[in-house]
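Just below is one structure, and these are the notes that go with it.
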Amino acid sequence: MKFVPKTFTVANVRKVMNLVDILKYGIFFMILLNLLPLSAFFVGSPLHNIIGGIYSDFGFAGVLTASMVLTLTAWSLLYTQGLIIDGIESRYGDTRKWTSDENNIHAVHLCMFKFFNAQATWQQLVIYFLLVALSGILVVIYESEFWYWSIVAALLGMGIGYFIVILFCLLAQLTEPTLTLLPDPVARWIWAKAEALRCRLFEPVGRKEQPPHKRRIEPTHYVAVVVVLILISVGIVAWIFQSPPQFIPALVYAYTLILFLIWTFSALDFHLARFNINSLAVLIVFVFVSYLATDMDHSFEITVTDTAAQALTPVEVAKGSRQKDNLVVVVSSGGGIKAAAWTTLALRDLIMTRPELADEIRLISTVSGGTVGAAYYLNELCHSPIDSPHFWNDKDEIEKMLNTVYDKSVTSSLSSVTFGFAFFDFWRLVSGGVLPFGETDRGSLLENEWGRIAGKPIEGKQTRECQKGTVLSFREDIRRGDLPAFIFNATVMESGRRVMITPINFERSNGPFQEIREDTLTEILLRDEMSVADTGVQNETDLDLWTAARLSAAFPYVTPAAQAKLRSDGATPGLELKEPWQRFHFIDGGYYDNFGVTSALDWLEPVLKARIEDPDLAFKKVIIIQLRASPKTPRTYYQVADGAQAALVGPVMGLLNIRNGVALSRNEIELDRFIESWNKRFELEDKPVHISTVVFEPRSDIDPQTCQPRVSAAQAETEIKRREDPLSWHLTQKQISDLAEIWEKEKTVISSDPSLTGQYELSAIFQ
């Protein structure tokens, strides 16, 4: 007979699996709360590009609040798991049903009571803090501005968090003074003082103790009731103010969301486990049914106006330039806040090097993060005296304006996203759309934060039309040549088609295929309202500049897909958005084209056609400046996936990689053919027009031999350092300094002109 160790008997294995099943949510959240700080700390770890900066650069208040919330999270996990274990027999029945050891029926039960119980011991508090909160607090301290002050802030935050826990337990202790929910003498002293005060206030009126067997709720459950009521109260305060305090970092709201999840799943599991019902399945079904019943959805506001007399054609945009020789188009890629910063950094350097470029740029076509950078640039231009003849001759003023744009583009807006998740979208999800009231979500909070950073004008103080802050309000300034036109690219979720959010009016196609270009937002939403040929009236959609930026940068799940909703104060009377295509959802433009090139070609096509016949168009050079926030990876530099990845997640990896792979190759092929065909056509027409493109991107740190980031020896040879590539809406101070260093020392400049090779000055592009 083969020897089998006693510890590996079927009964013991079953006990362990039962314990894991009961504590499954506690185990999951414990792993999650350790995975997040470790992923943020170690470059190359899972999720690092998304959450890498969320733990960095905290001041005193940030470390304090983060430590406080982490302490509350650790205790919440301890307490909720204790309540679940305490109620095993009342919910599961006799323990004989879930353990097979007849000689020691309560062995597992008693073992769990030694550690998992609502009445905490010092061992519990220390172990839970080490397993749940310590890694996050250490990473916050290490990544903070001043580590010595951060230690003080962390200790103070932990103390405040523990004091809040003492207050949480107060009602239960007053109900049952013999409880020892916390083991320390400070807690017992506070509870004793509260008990004395209660007796002094209520004993004279003849308070009677309720017999324990008649109580409807266990004293330990009072704590859960108090915590839930306080969490709801915190949510109500957030719903009222609807904006995150600036001194609280995004990490605090992320941990607050986890705190809500801990109590939600623990409560569901506590009440449903007795019926052998999976709480996660119940929540998923509830959310699905509530979405169907309440028609919950995310939306953005538009107005519909009659603007036929103000129509702005691509040719009028080109004619607005004060510099007649060069026509410049800027296209900027997606990539979160890094792309926004790369866009404004490039514009600052290029315009300071060549001030005439500010007038020569007649179109900016952007995607996702590049759109946010372009919006900061356009907004700042709109609020600067750009129509003054002296402004563009004052290099100090220009530099000050461009530095302001760059500083705004690197300002973190991630707190609005995590705040929206924690206090709006989470509650809307678990309440079936009932709470909170209104339509505020993480998307609207993010665009409001961008507007706050940009500095929205005070009502009634606008001195320029574009200061109204809507997309169509930029038209007259563009027509005069004071501002460049813009196309913010988004994608229709239902069809996968590109959509252009722009103040430009494109001519409708009369060709056999009706597909010479993609649609504008107006053409998608108001296709039945566009009756210019019949009535001379054309309704158009208009929306806030930052709403347009949000749609272009709506990468789920960071920002939700959203559908249009008529704004109550500006809609055309009688118009309703009820047709199927009017309820399409709009998502990140990078799903279709992550580089903004295709829309730029849609604009250039009618302009170049007009250049052949129209004497008012006299440009001789067309330059397409491409700003790519991430380096192009050659097709042979990718790391080979192993068999398990190919089998399990291969299709998903393919879809995600197509987003950049197909878009990049398609753009380069289309752009090359576009440039070649038009250059030949201008030669045949005997017109002195030449089209070219130039790319500004970081140098790649991928080693072509290993398909991995370069090791230190290769870095020394190539002078390329390994840089982080953040994809969220937050940049650390190190990432900001790295970005400036990349632009100065490690950028690659690629031109379509064979005569320009290697590194060359900007002036050479315009020769």
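The values are calculated or read from the model by the stated rules, or taken from the named source; none is laboratory data. It should be emphasised that the depicted structure is a prediction, and the values quoted were computed from it without experimental measurement. So basically every Cβ, Gly included, is an ideal-geometry build from the backbone, and we count neighbours across all protein chains shown. Just the protein is used for accessible areas: all its heavy atoms, side chains included, with ligands, DNA and RNA removed. Shrake-Rupley method; radii C 1.70, N 1.55, O 1.52, S 1.80 Å.
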Requested in this report: Could you check, for the range 331-349, whether at least one of its residues is surrounded by fewer than 16 Cβ atoms within 10 Å (Cβ to Cβ) and not polar (S, T, N, Q)?
Outcome: no
Report task. Collect the residues in the range 141-169 that are among the hydrophobic types (A, V, I, L, M, F, W, C) and either touching a Cys at 6+ places or on another chain (Cβ under 7 Å) or at pLDDT below 90 (or both), keeping them in residue-number order. Result -> 146, 147
Report task. May I ask you to list the residues in the range 540-561 that are part of a helix (DSSP H, G or I) and of a type in the set (Val, Ile, Thr)? Result -> 547
Query - Tally of residues being open to solvent by 40 Å² or more (accessible area, probe 1.4 Å), free of Cβ contacts under 8 Å to residues at least 40 places away in the same chain and either closer than 27 Å to residue 366 by Cβ or not in a helix (DSSP H, G or I) (or both) across the range 667-687 - result: 6
Report summary line: Residue set 138, 110, 125, 131; condition closer than 30 Å to residue 15 by Cα, open to solvent by 60 Å² or more (accessible area, probe 1.4 Å) and at pLDDT 90 or above; output residue 131
Query raised in the report: Would it be correct to say that residue 333 is modelled with pLDDT under 90 and out of contact with any His (no Cβ under 8 Å at 6 or more places or on another chain)?
Result: no
Query raised in the report: For the range 422-443, does any single residue satisfy the condition of being on the phi > 0 side of the Ramachandran plot, in a loop (DSSP other than H, G, I, E, B), open to solvent by 40 Å² or more (accessible area, probe 1.4 Å) and not acidic (Asp, Glu)?
Result: yes
Query raised in the report: Taking the condition surrounded by fewer than 23 Cβ atoms within 10 Å (Cβ to Cβ) and closer than 30 Å to residue 389 by Cβ, does residue 452 pass?
Result: no
Report summary line: All-but-one check, residue 222 against (1) free of Cβ contacts under 8 Å to residues at least 12 places away in the same chain; (2) more than 22 Å from residue 423 (Cα to Cα), failing number (1)
Requested in this report: Considering every residue within the range 377-392, establish whether at least one is open to solvent by 10 Å² or more (accessible area, probe 1.4 Å), closer than 24 Å to residue 594 by Cα and out of contact with any Pro (no Cβ under 6 Å at 6 or more places or on another chain).
Outcome: yes
Query raised in the report: When you look at residue 175, is it at pLDDT below 90, open to solvent by less than 40 Å² (accessible area, probe 1.4 Å) and not acidic (Asp, Glu), yes or no?
Result: yes
Query raised in the report: What do you reckon, is residue 743 open to solvent by less than 30 Å² (accessible area, probe 1.4 Å), touching a Gly at 6+ places or on another chain (Cβ under 7 Å) and at pLDDT 75 or above?
Result: no
Query raised in the report: Just for helices (runs of 4 or more DSSP H) wholly inside the range 325-417: which have at least 3 residues that are among the hydrophobic types (A, V, I, L, M, F, W, C)?
Result: 336-353, 368-382, 395-409
Requested in this report: Filter the range 688-706 down to residues that are part of a loop (DSSP other than H, G, I, E, B) and surrounded by 14 or more Cβ atoms within 10 Å (Cβ to Cβ) and give me whichever is modelled with the lowest pLDDT.
Outcome: 701
Report summary line: Selection over the range 581-598 where residues are touching a residue at least 40 places away in the same chain (Cβ under 8 Å) and assigned to a helix (DSSP H, G or I) yields a count of 7
Report summary line: For the range 241-297, the count of residues that are surrounded by fewer than 17 Cβ atoms within 10 Å (Cβ to Cβ), β-branched (Val, Ile, Thr) and outside any helix (DSSP H, G or I) equals 1
Query raised in the report: Out of all the residues in the range 605-622, is one or more more than 18 Å from residue 671 (Cβ to Cβ), at pLDDT 90 or above and under 29 Å from the mean Cα position of the chain (by Cα)?
Result: no
Report task. Could you list all residues from the range 18-61 that are open to solvent by 20 Å² or more (accessible area, probe 1.4 Å), in a helix (DSSP H, G or I) and of a type in the set (S, T, N, Q)? Result -> 18, 34, 49
Query raised in the report: Of the residues in the range 133-150, how many are hydrophobic (A, V, I, L, M, F, W, C), out of contact with any Phe, Trp or Tyr (no Cβ under 8 Å at 6 or more places or on another chain) and within 24 Å of residue 76 (Cβ to Cβ)?
Result: 4
Query raised in the report: For residue 368, all conditions in the list (1) closer than 17 Å to residue 618 by Cα; (2) open to solvent by less than 20 Å² (accessible area, probe 1.4 Å); (3) among the polar types (S, T, N, Q) hold save one; what is the number of the exception?
Result: (1)
Query raised in the report: Among the residues of the range 414-421, is any closer than 30 Å to residue 296 by Cα and in contact with a His (Cβ under 6 Å, 6 or more places away or on another chain)?
Result: yes
Report task. Would you check if residue 681 is over 27 Å from the mean Cα position of the chain (by Cα), at pLDDT 90 or above and not acidic (Asp, Glu)? Result -> yes
